[in-house]
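The values are calculated or read from the model by the stated rules, or taken from the named source; none is laboratory data. On a predicted model such as this, the values are computed, not experimentally measured, just so you know. Cβ sites come from the backbone with ideal geometry, for glycine too, and all protein chains shown count toward neighbours. Just the protein is used for accessible areas: all its heavy atoms, side chains included, with ligands, DNA and RNA removed. Shrake-Rupley method; radii C 1.70, N 1.55, O 1.52, S 1.80 Å.
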Amino acid sequence: MHRLTDVNEQRAPQAEPAPGPAREAAGSGAGRLWRQPLVLALCSPGRDPLPPMARPRWLARLPHAAVLYAAIFFGFLTTEQLQDHYDVTGGGPLVLALMTGLSIGLAMFRPMLAWWLGLLAAGLVAASIHDSVGPGQTWPWTPGGMFAFAPLVLLVALRVPPLVTVWVVGISVTCTGLAELAFAPDRSSTTVLEVLLLFGFVGLLGYALRALRLARGELVEQETLTAEERARRTVLEERSRIARELHDVVAHHMSVISIQAQVAPHLVENPSEELRENLAGIRENALEALTELRRVLGVLRSEHAPDPAAPKHPQPTLAELDGLVANVRGAGLEVTTAVAGIRRTLSPGMELTAYRIVQEALSNCLRHAPGSRVEVGIAYGPRDLHLCVANSAPTRAVPGSPGAGHGLLGMRERAGMLAGELVAGPRPDGGYEVSAVLPMGPQDLPAGPAPETRKVP
């Protein structure tokens, strides 16, 4: 439907605007509405289906069923009143009843076209009973005719802007008043006041329901956007945290390369000038890369001012897993760990990623599964590192968690950073399980005897 606005503008009395958009912009708001949007809105036969109820779902089509029932009911009522109360015989009552019912049913899909059809049917009804109106009988509306027309006004008001609803009610009441002034039979009873009150109330009700539906739709849309933005922000925060942690790892390796390149010439007797230049170039490139790395990634630490009293600690590794498990046990969970394969030192990035995944999984167990039994499994394969954290069903009530509920996103980001995979989901016994597979690089591949399995209680 066209968007209707009411803008009060003034025009100079003798200044004639130029044709085209400038002339239209210079006209009054009411005139502009009448020339284009309002006329198109009142005469629009466009399709505008009646929306289903949002909640509950099993009542979604209740409005459509109610409209169909009203169409059938008022169709029969029109026939009954024309024949029994106004003594109209022949095929006319059947045709008018079909037009009345069809207009109400059509209003579910094309409200403005249905309103005009209902107005035409009401005019034909008034013409058919004009010569049969007795003392005290209503005209131009029959007693049931005005109530049969009320659903049309309601269905129009549910789909169109308020200004169009006002015009629909106004045209309907004005037609009634003009018909009574010009063609009212003798001894007939007026219906202008009843029609004004009924149509005005129905139009106001439709406007209120439409405003409520639009407000709910905007609220749902806003909630959806908020949830998406929260998830996006959580991913970005986790990526920033990963970058801050890996910054230390990469910076350490670049520093080692620079130092080794500087010391290497002193470890060779009579090094050639070419070797000195190559090693010097390696050291310069390492220092330049380290500077750029600190310049780009150092801004990620700007959110937290450095504390001179708290020196930086190295990033955690799987060697510190026992301390992490001990802290979780102290918080009230029964945790067992199992390590399969040869436990060896991996690359810093692999160690940090594996430790953070296990840490986040154990934190989720504390928050969402109090009193459960937790099993932590780590398997050093020939080419992959397998992690598994599984918990049983909680034995105590789960308290409300203040977190955003996106811890799994962070774990998946960390696994994806190493081209790994992470799967999480409920277990048949009511618990939950998080499994990750992290592929190893060439520096992580084992060298030695076949792996063995040991279990730590």
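Of all residues in the range 260-284, those that are assigned to a helix (DSSP H, G or I) have Cβ atoms under 6 Å from Cβ atoms of residues that are open to solvent by 60 Å² or more (accessible area, probe 1.4 Å) and not polar (S, T, N, Q), 6 or more apart or on another chain, in Ala261/Ile282; Ala261/Arg283; Gln262/Arg283; Pro265/Arg276.
Is it the case that some residue within the range 363-376 is surrounded by fewer than 18 Cβ atoms within 10 Å (Cβ to Cβ) and under 17 Å from Arg412 (Cβ atoms)? Yes, the range 363-376 contains a residue that is surrounded by fewer than 18 Cβ atoms within 10 Å (Cβ to Cβ) and under 17 Å from Arg412 (Cβ atoms). Checked against (1) outside any helix (DSSP H, G or I); (2) farther than 24 Å from Gly105 by Cβ; (3) modelled with pLDDT of 90 or more, Arg187 passes all but condition (3). Taking the range 331-351 as the range and being surrounded by 16 or more Cβ atoms within 10 Å (Cβ to Cβ) and either in a helix (DSSP H, G or I) or not aliphatic (A, V, I, L, M) (or both) as the test, the residues that pass are Thr337, Gly341, Ser347, Pro348, Gly349, Met350, Glu351. If you go through the range 210-230 and keep only what is open to solvent by 80 Å² or more (accessible area, probe 1.4 Å) and farther than 30 Å from Leu408 by Cα, you end up with Leu212, Arg213, Arg216. Of all the criteria given as (1) modelled with pLDDT of 75 or more; (2) open to solvent by 70 Å² or more (accessible area, probe 1.4 Å); (3) farther than 19 Å from Val168 by Cβ; (4) not in a helix (DSSP H, G or I), the one not satisfied by Pro52 is (2). Among Ala397, Ala354, Ala390, which is the only one that is buried (at least 18 other Cβ atoms within 10 Å of the Cβ) and over 28 Å from Pro442 (Cβ atoms)? When all the criteria are applied, what remains is Ala390.
Just one of the listed residues (Pro135, Pro151, Pro161, Pro140) is touching a residue at least 24 places away in the same chain (Cβ under 8 Å), open to solvent by 20 Å² or more (accessible area, probe 1.4 Å) and closer than 24 Å to Gly200 by Cβ, namely Pro151.
The residues of the range 55-85 that are more than 14 Å from Thr100 (Cβ to Cβ), in a helix (DSSP H, G or I) and open to solvent by less than 80 Å² (accessible area, probe 1.4 Å), listed by number, are Leu59, Pro63, His64, Ala65, Ala66.
Using the structure shown, decide if Val328 is part of a helix (DSSP H, G or I), β-branched (Val, Ile, Thr) and surrounded by 15 or more Cβ atoms within 10 Å (Cβ to Cβ). Answer is yes for this residue.
The residue pairs whose first member lies in the range 431-451 and is within 19 Å of Glu413 (Cβ to Cβ) and modelled with pLDDT of 90 or more, whose second member is part of a loop (DSSP other than H, G, I, E, B) and hydrophobic (A, V, I, L, M, F, W, C), and whose beta carbons are closer than 6 Å, counting only pairs six or more residues apart or on different chains, are Leu438/Leu418; Pro439/Ala419. The set of residues in the range 410-432 being touching an Asp or Glu at 6+ places or on another chain (Cβ under 9 Å), assigned to a strand (DSSP E or B) and open to solvent by 30 Å² or more (accessible area, probe 1.4 Å) consists of Val423, Pro426.
For the condition free of Cβ contacts under 8 Å to residues at least 12 places away in the same chain, open to solvent by 20 Å² or more (accessible area, probe 1.4 Å) and more than 27 Å from Arg47 (Cβ to Cβ), Phe183 does not qualify. Check the range 21-38 and report whether any residue there is within 30 Å of Pro135 (Cβ to Cβ), at pLDDT 75 or above and of a type in the set (A, V, I, L, M). No, the conditions are met nowhere in the range 21-38.
β-branched (Val, Ile, Thr) and surrounded by 17 or more Cβ atoms within 10 Å (Cβ to Cβ): does that describe Ile104?
Numbers: β-branched (Val, Ile, Thr): yes; surrounded by 17 or more Cβ atoms within 10 Å (Cβ to Cβ): yes.
Taking the combined requirement at face value, the residue satisfies it.
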